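First up is the structure itself, then whatever we jot down about it.
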Amino acid sequence: MYILEVIPIANLPPQVPQLLSYFFSKELPKGAIVEVVIGNRKVLAVVISSEPAENQKILLKKSSFQLKKISSIVSETPLVSETQFKIALWLSQNYFSPLGMCLKTVLPPFFLKQNLEPRMLNLEKSKFHLSGQEIQNSKLLLSRAKNIIKNITSEIKKTLRDKKQILLVVPEISIAKYFYNHLSQHHETVIIHSKINQKQYRQSWDKINSGDAEIIIGTRQALFAPFTNLGLIIVEDPSNEAYKSDMSPKYNTVSLVKKIAKIYSAKLLFVSQAPDVDQYLLSKNESLKLENKIRDLRSEIKIENMLSDISSGNSSIFSRELKNSIDKYLKEKKKVLIFSTRKGYSTSLICENCRFIFKCPQCSVPLRLHVSPADSLICYRCSLIQKIPDHCPNCNSYKLKSAGFAGSEKIKDELNFMFPNTEVVTFDSYVIKNIKQEEEFEARMRDLESFVCIGTQSIFGQRFNLNFDLVGIPNLDSLVTVPDFKAEETLFLQIEKLLDFKPQKIIIQTLHTKNQILETIISGNYEKLYENELKVRKLFWYPPFAKLIKLSFASPDRNKSEYEARILSEKLKMAILQMKFENSVKLMDPSPAFIEKQRGFYVYNIILKIMSDFKISDILKFIPSNWMIDVEPKSIL
Ligand SMILES: [Zn+2]
Ligand SMILES: [Zn+2]
């Protein structure tokens, strides 16, 4: 008789034990897969240890419950490697997520779906040596998108000469494909992302595991591949939002990459147009070597004060300067990008008579107005779609009008009106929904000589392929409407990405022409902006000086959410005091979320700020299981 300790691949709350004990007639190796019964559900579980029952007799006698037998063996051959265990454990500890969920994240998607053949992971020949040392070399390469391949070639060649694998992590599938198309011509290259099918996934997986693959390109899922001898990890655009996982464990790819580089003793290379605040600090402390390969001349950047246009009677989205420039560039058969901050027609619909704003009944946010393909009001929170009402429910007036920031559709309407003979195309996630549409867009762009493209942030994935001669930003202010501590840094990094399109000229329209962010955008000298940022962030305990954790409670009853938030806040205050955590943990007062009502639930948040050497479970163990925990959240709102 043996006592087996197993981790069920299931979502058990992080507050309950993740290791369960079962008995079985024989010993099974670590990493073997079994089926066990929890409650009345059959779930797969990974074996962690087997011990003869006689060693644990005293323990068994003491235990008040009867140990259950495992239901069946799925694979006696270990299918989970030591590295996968390590990564899962790290995810579980750092994001306070159930270990079973973390194991599921680490395992490939075909793991639970197919008959598990032992050939899937050949653990015996894992060649890498695990080491606990710090990352040897990490470097930040500043480069324009179109020069990245040229600039990383020597690093790639050096790594391949040492017979080591290279992992290239990118935020988007279209970017993965760009690198694949270029690198697969010269090297044995595989690709991993969420849209490849099970068979391709498995082929890539096997090639990585056998050591045949030299370069592995992928989105964040590629981090869990079974590398045999990883020598270099390249991360493109490390501050990209797509690197934060939306699902539990809600991990941050850049943090995980650092861990994986340590596990494999691999070199780490970040590539972007400009450093973010974190990297700036690291490079100042010389723990990140900065290599600047941006040598291109900066585009001419012109700031247009929209107040003067409005006061002189111009009610258009476009200032006279921007309109004239578009006209001039189109006459010269050039390409124009209008950077739009919003999809749809406008950010809201209001009643002209009583100023009533149409809001989502579920989420309390203004509904966005869309005119294509059909007139509708759409909630961006819960995807609710409504027909546009013909009158105001408040005063019965029929005078309804669009309001708020202009979206892509409204910009398109105006452009079509001003330049009736020009091709105007839109690239946003509402119009371009999948890879096929993206490819059609690219093909069409190649055929057109001169055109105007309206693009939201999604156009950034195209900065490897496309150039624009003129870039117009109709409303810079609409880019910073959310009062997040990262707002200015994010805005600066977005403009730097626009420069990747190699425009001759950028015209920025704003109502606020005097501020430091505009100076930084024009000069590209982020030092002053970042030095100020660092001072503020250090003082108020923000990243990179502290780690943020967002605790959220949601209930259909607002009073209940508010009450729970207050109770937990008091409890945490007491805990911090009693455990003497004051120098490591700071607690912000509970507050309703920026969008308080989401899908019918009132959301209240509590933000914890934690010093980096503090073990987060020491404070998170006080959080009841009906609270959501998000470590390193995208936003604290
Ligand atoms: Zn009204
Ligand atoms: Zn909604």
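Quick note: the coordinates plus some simple rules give every number you see, no bench work behind them. The structure displayed is predicted, hence computed values, not measured ones. Neighbour counts are summed over all protein chains in view; Cβ atoms, including those assigned to glycine, are modelled from backbone coordinates with ideal geometry.
Quick notes on this structure:
- Stretchable slack from D477 to L577, in nm (0.36 nm times residue separation minus alpha-carbon distance): 31.8 nm
- Between the listed residues P389, I7, I607, the Cα displaced farthest toward the positive end of the dipole of the chain, a dipole computed from Cβ unit charges relative to the Cα centre, is found at I7.
- Listed peptides 42-55, 498-511, 523-536 appear in the order 498-511, 42-55, 523-536 once ranked by packing, highest mean of other Cβ atoms within 10 Å at the front.
- For I385 and E188, the difference between the fully extended length at 0.36 nm per residue and the C-alpha to C-alpha distance is 66.3 nm.
- Signed unit charges on C-beta, dipole axis of the chain, positive-most listed residue L511, P543, I435: P543
- For the pair I435 and Q203, the difference between a 0.36 nm per residue extended length and the Cα-Cα distance amounts to 81.4 nm.
- Computing FRET efficiency as 1/(1 + (r/R0)^6) for I38 and I567, where r is the C-beta to C-beta distance and R0 is 35 Å, gives about 0.70.
- Tally of Lys pairs whose C-alpha atoms are under 30 Å apart, taken over the stretch 303-377, 8 or more apart or cross-chain: 11
- Applying 1/(1 + (r/R0)^6) with R0 = 22 Å to the Cβ-Cβ distance of E442 and Q494 gives a FRET efficiency near 0.55.
- To the nearest ten degrees, helix 82-95 and the longest principal axis of the Cα atoms of the chain are 60 degrees apart.
- Each label was represented as a point 7 Å from its Cα along the Cα-to-Cβ direction; for S25 and N147 these points are 6.9 nm apart.
- Measuring between alpha carbons in the structure, the pairs from K259/K634; K387/K497; K30/K615; K207/K250 lying more than 25 angstrom apart are K387/K497; K30/K615; K207/K250.
- On the beta carbon distance between N292 and L637, with R0 = 30 Å, the FRET formula returns roughly 0.35.
- DSSP-defined beta bridges in the stretch 127-292 - what % are antiparallel, rounded to 5: 5
- Least to most buried among H193, H391 (fewest other Cβ within 10 Å first): H391, H193
- Assigned charges on the beta-carbon of Lys, Arg, Asp, Glu; the chain dipole about Cα centre (debye): 960
- Take every pair of alpha-carbon atoms less than 8 Å apart whose residues are at least six positions apart; their mean separation over the length of the chain yields a relative contact order of 12 percent.
- Taking the DSSP beta bridges with both ends in the chain, the antiparallel portion is around 55 percent.
- Approximating the spin labels as points 7 Å out from Cα along Cα→Cβ, the D162-to-K621 distance works out to 4.0 nm.
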